[in-house]
Amino acid sequence: MILQGGCYCGAVRYVVDGDTFNSTLCHCSDCRRIAGAPAVAWFSSAMAHFRFSQGNAATFRSSEHILRSFCGTCGTPLTFQDNRYPDEIDIASATLDDPARMPPGDHTFVQYRLPWMCMSDGLPAYPRTRSEGQG
């Protein structure tokens with residue numbers, strides 16, 4: 001599978017050339033604040049299958065283990081990397097040229113879901129992470 005995407009202004013572009021996994025809608029407060037949205041859709045790829053194809057993303061550490069990238073011109077959040085999983089990268093699904101190709105398969109960190117955010121899609125919902133199980 002080849003997926004392409006980028007930021008709002010077009011300064012930063014990326015390509016994912018390989019299998020994807022862990023497509024989710026994250027409700028954690030960090031993701032919400034980073035994106036200014038009630039939840040953020042992410043999907044994962046092996047680092048070996050991801051590359052920036054145009055421009056350079058800016059980065060910052062949002063916590064000890066987390067490195068986030070974004071466009072330094074328009075501010076679009078692009079990726080999330082956890083140094084405890086160095087072979088993986090999460091990509092913001094809505095930054096794809098065709099986001100409909102990567103629908104979420106579950107909800108994570110729903111214990112932090114905003115009370116006015118309805119979840120009626122029937123997808124599995126996890127209080128925190130998948131590995132911790134459903135509530």
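Structure values in brief
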| read-out | value |
| --- | --- |
| Filtered residues of the range 86-125 (kept if at pLDDT below 95 and hydroxyl-bearing (Ser, Thr, Tyr)) | Ser120 |
| Checking Arg128 against (1) assigned to a loop (DSSP other than H, G, I, E, B); (2) open to solvent by less than 70 Å² (accessible area, probe 1.4 Å); (3) closer than 18 Å to Leu25 by Cβ, the condition it does not meet | (2) |
| Given (1) closer than 27 Å to Ala125 by Cα; (2) surrounded by 21 or more Cβ atoms within 10 Å (Cβ to Cβ), number of the condition Asp98 does not satisfy | (2) |
| Qualifying residue in the range 52-67 (condition: exposed (fewer than 13 other Cβ atoms within 10 Å of the Cβ) and touching a Leu at 6+ places or on another chain (Cβ under 9 Å)) | yes |
| Residue that is most open to solvent (accessible area, probe 1.4 Å), among those in the range 6-26 that are touching a residue at least 60 places away in the same chain (Cβ under 8 Å) and assigned to a loop (DSSP other than H, G, I, E, B) | Tyr8 |
| Residue check for Ser45: open to solvent by less than 30 Å² (accessible area, probe 1.4 Å) and modelled with pLDDT of 95 or more | yes |
| Near pairs, Cβ below 9 angstrom, 6+ apart or cross-chain, from the range 103-120 (more than 19 Å from Ser93 (Cα to Cα) and part of a loop (DSSP other than H, G, I, E, B)) to any residue that is of a type outside the set (S, T, N, Q) and open to solvent by less than 80 Å² (accessible area, probe 1.4 Å) | Leu114/His27; Leu114/Arg32; Leu114/Pro38; Leu114/Ala39; Trp116/Pro38 |
| Phe70 over 20 Å from Thr129 (Cβ atoms), in contact with a strand residue (DSSP E or B) (Cβ under 6 Å, 6 or more places away or on another chain), at pLDDT 95 or above and open to solvent by 50 Å² or more (accessible area, probe 1.4 Å) | yes |
| Top-ranked residue of the range 27-53 - restricted to ones that are outside any helix (DSSP H, G or I) and in contact with a Gly (Cβ under 7 Å, 6 or more places away or on another chain), ranked as farthest from Pro99 (Cα to Cα) | Ala46 |
| Pairs where the first residue, in the range 27-40, is under 14 Å from Phe80 (Cα atoms) and the second is of a type in the set (S, T, N, Q) and not in a helix (DSSP H, G or I), C-beta under 8 Å, 6+ apart | Cys28/Thr108; Asp30/Ser62; Asp30/Ser63; Ile34/Ser62 |
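The values are calculated or read from the model by the stated rules, or taken from the named source; none is laboratory data. Quantities reported herein were computed from a predicted structural model and do not represent experimental measurements. Note that each Cβ is placed from the backbone with ideal geometry, even for glycine, and that neighbours are counted across all protein chains shown. What goes into the accessible areas is simple: the full protein's heavy atoms, side chains included, and nothing from ligands, DNA or RNA. Shrake-Rupley method; radii C 1.70, N 1.55, O 1.52, S 1.80 Å.
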